[in-house]
Each structure stands twice: as structure tokens, then as C-alpha cells.
1. Go through (1) assigned to a strand (DSSP E or B); (2) touching a residue at least 40 places away in the same chain (Cβ under 8 Å); (3) surrounded by fewer than 22 Cβ atoms within 10 Å (Cβ to Cβ) for Ser36 and report which single condition fails.
2. Which of (1) crowded, with 18+ Cβ neighbours inside 10 Å; (2) at pLDDT 95 or above; (3) within 29 Å of Met54 (Cα to Cα) is the odd one out, the single condition Met151 does not satisfy?
3. Would you mention how many residues in region 67-111 are more than 19 Å from Leu175 (Cβ to Cβ), out of contact with any His (no Cβ under 7 Å at 6 or more places or on another chain), buried (at least 20 other Cβ atoms within 10 Å of the Cβ) and not aliphatic (A, V, I, L, M)?
4. Give region 92-115 a look and list any residue that's under 12 Å from Cys135 (Cα atoms) and touching a residue at least 60 places away in the same chain (Cβ under 8 Å), or say none.
5. Going residue by residue through region 185-200, is there one that turns out to be part of a loop (DSSP other than H, G, I, E, B), at pLDDT 90 or above, farther than 30 Å from Met54 by Cβ and not assigned by TED's automatic domain parsing to the domain that holds Cys67?
6. Output the qualifying pairs, or none if there are none: Cβ atoms under 9 angstrom, residues six or more apart or on different chains, first residue in region 136-164 and within 16 Å of His91 (Cα to Cα), second residue exposed (fewer than 15 other Cβ atoms within 10 Å of the Cβ) and at pLDDT 95 or above.
7. Would you please list the contacts, defined by Cβ atoms under 7 Å and residues six or more apart or on different chains, that run from a residue in region 52-73 that is touching a residue at least 24 places away in the same chain (Cβ under 8 Å) to a residue that is of a type in the set (Phe, Trp, Tyr) and assigned to a loop (DSSP other than H, G, I, E, B)?
Amino acid sequence: MRGSKRTEKPLSYKSPLMELQAIPKPNQEEVILHFSHPHHPLVLMNLPYLFTCMGCKEFGAGKRMKCQICDFELHDFCAFAPASLINHPFHYNHQLVFYTKSGGFLSSRCQICSNSAKGYVFKCTICGFQMHPCCAMMNWEMNFPIHQHPMIISQQLNGDVGILCRICHRKKSGLMYCCGVSCGYYIHAICAKEMINGLYENGIKPPEKSKMMGTSTLKLASHFIFGIIGDLVEGIGEGIGESLIDSIARGRCASMRSKLLPSN
């Protein structure tokens, strides 16, 4: 297996000129105002439960930047994503630019994990290569806590559904990491992300899409509505805007009371 890693230049060649721009690491008391959530500050927190990142729209657990007012949450690596990546080992020929959305009318996928790219993404403007911020945190060669040997990503195994992943215990298409000393240990790149986004560390398995679709959609919709209200307040003036929101709240309370209290 070690002999084959040097022949996989389209994906796994480690460039000697790799210059990943450093992502600032927040300290334990960091509070930021993020461009994606300008109305409330985000606080660095480490909580052992599942969340959906409002940036990349993918799951996470443990460390996150969280709004304590409306529960808006971002992966720390999404909140501190650089504007671009230069000579990334997965795409060393071209610069990768950070986008808040992949863009386009057709469904697009990350070319590392094969999951849909619904939010934050690093994208090549020349050839269209793209990957999630979480996938950008991975490298050509990784030391994962699940295995004692270094593991190397292999493009030659892309689409080989005959190999069993040691994390999900399934056979499916997609890029895989294989043991660097050829001991027969394989994991999907998409499963390896669990050791980047905090799920593995917190003992959480990614839920099935059908179970989380309703909750995630509702959360995304609520943050969209809050954003519109915030822009409305800013546009018409804080005093009038706050009065409007207060009236809406009183109306909702009156409506709830009329449903709960018996009529005379």
C-alpha cells in the first residue's frame, strides 16, 4: 500500500509547497460577532450533544461557537474558516475559495466525502472541485484515534463497494482511508469526519437523515425568520421595530390564552 501512494497524484500527493492558511484558534473565553449571525455574539462552548452547524449544514458535537440567545451554532472550524486555502493536499494545483453556498441550480456534492454541499464550502473557481470545511480539516495522511497505524487516503479505492468500513461496517462507494502498513483496515472518508467534527469523541453516531430532517428544517427556518425580523428592526429603527416585535409577542400570547381558557 505504501508503494501505491506516490502514484495517486490527482488527490493524495502531498505538495512540498503546501501553505494552508492558519485558522485562528479561539481561546476558552472567546466571544465573536460572526458575519453569518451579526445580531448576537457567538460564544465558544464545548457541549457533549449533537447539533447542526448553521454554516455547512452538517452535524457536529462538542466544541462549537454558539449564540446563547437563539441557539445559532457553528462548528469552530466553520466560524474561523479562512478566505482561501492554498496548496491543500486534496487539491494542490489550484487555490480553493471559501463560499457560504456552493451555488448553482443542480445538487452539488463534496468531492471528498460525497455528501451534499448545502452551505459553507471551499471551491475551486477553475475546475469546480469543492469540499466541506470539515473535509478540509483532513489530510492526505492522518493519525486517527480508532486505529494504531497512520492511514492514507486512496483515490484508487473510490467507488470500490467491496471493501468494508470499520466504522459504519458497510460497503458503499466513496473515498477511503486505508492503513499505511497494509494491515487491511479501511474507513470511509465520510466516516473519518466523525473524528473531526466531535461525534466520535462524544460517543455520538450521526442520525439517519429521515429522523433529523424535520428538526433541522424547522431550525433552519426559524433562524431565517429571525434574520428577517432583525433586518426589519434595523431598517425601520430600533424603537419602532421593538414595539412591533412586542405587539407580535402579545398577539401570540393572547391567541394561546384564547385556546387554553374555556369560553363563557
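1. With respect to (1) assigned to a strand (DSSP E or B); (2) touching a residue at least 40 places away in the same chain (Cβ under 8 Å); (3) surrounded by fewer than 22 Cβ atoms within 10 Å (Cβ to Cβ), Ser36 is out only on (1).
2. (3)
3. 5
4. Once the filter is applied, which keeps residues that are under 12 Å from Cys135 (Cα atoms) and touching a residue at least 60 places away in the same chain (Cβ under 8 Å), region 92-115 yields Ile112, Cys113, Ser114, Asn115.
5. The answer is yes, given that some residue of region 185-200 is part of a loop (DSSP other than H, G, I, E, B), at pLDDT 90 or above, farther than 30 Å from Met54 by Cβ and not assigned by TED's automatic domain parsing to the domain that holds Cys67.
6. The qualifying pairs are Glu141/Pro150.
7. Here the result reads Met54/Phe72; Gly55/Tyr120; Cys56/Tyr120, each pair linking region 52-73 to a residue that is of a type in the set (Phe, Trp, Tyr) and assigned to a loop (DSSP other than H, G, I, E, B).
The values are calculated or read from the model by the stated rules, or taken from the named source; none is laboratory data. This structure is a prediction, so every number in the text was calculated from the model and none was measured. Here the Cβ is made from the backbone with ideal geometry for all residues, glycine too, and neighbour counts use every protein chain on show.
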